[in-house]
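Just below is one structure, and these are the notes that go with it.
Read-outs: derived from the displayed coordinates by stated rules, not from any lab. Quantities reported herein were computed from a predicted structural model and do not represent experimental measurements. Note: ideal-geometry Cβ built from the backbone for every residue, glycine included; neighbour counts use all protein chains shown.
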Amino acid sequence: MPRAFRISPIRAAASFAGGALIALIGARLLPPVVAQARGMARTRAGGDPVASLLADHRAIMSHLDAMVESADAQAFSRAQHLLRLKRRLAAHAMAEEDIVYPALRDNLKTAEDATQLYEEHAEMKVLLYKLEQTPKTDEQWHLHATELRTLIERHVRQEEKVDFPKLRAALDDASSRELASKIEREKALLL
C-alpha cells in the first residue's frame, strides 16, 4: 500500500475513540433534548401535558394484567413482563417523582397528596424486589404480582381522577408546555 494511504495505529485508535465518544454523547444527550422538544410541541398543539404518563399507565396495567393472569408454569413469560414493567415503571416513576409531584406540591400546596404518592412508589419498589427474588413458578409470585397490581391500580386512579386534573387546572399554557417538556426529558434519561 502506498505510504500516503497508510494510517498509523495511533491515528486509527484516536479516530476510533473520537467516533465512539461522539456516538456516546449523541446517544446520551440527544434523546432527552429531542424528547423535551416533542413534549413542548405536543402541548403547544393543544395536547395534555401528562399524556405520556397516561399512556404509561395503560402499558403498565397491561403488563400487570398479563403477570397476574399467567400460570405458575409460565416462568419465561412472567420474567419478560416483569422486566418490561420495571423498565417502563422506572422511567415513569422518575418523571413523576422529579417533575410532577414537586409541581403538585408547589402549585397546589398539596404536600400530603404528594407525600402519599411518593410513599406508594416506595411500596411498589418493595413489591418489585419481592417479585425479583421469588421464583417465577412459585404461587407466592402470583400473590406479589396481584398485590402490586392492586396498589398500582389504586395509585393510577388517584393520579388520573384527582391529582392530574388539579394540576392541569392550576397551569397556564406556558407552564403546561414546560411541564410536558420536563416530563418527556426526564423519561428519556432512562429509556
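In terms of packing, defined here as the mean over residues of other Cβ atoms within 10 angstrom, the peptides 102-110, 49-57 line up highest first as 49-57, 102-110. If R0 is taken as 45 Å, the Cβ-Cβ distance between Arg168 and Arg6 corresponds to a FRET efficiency of 0.10.
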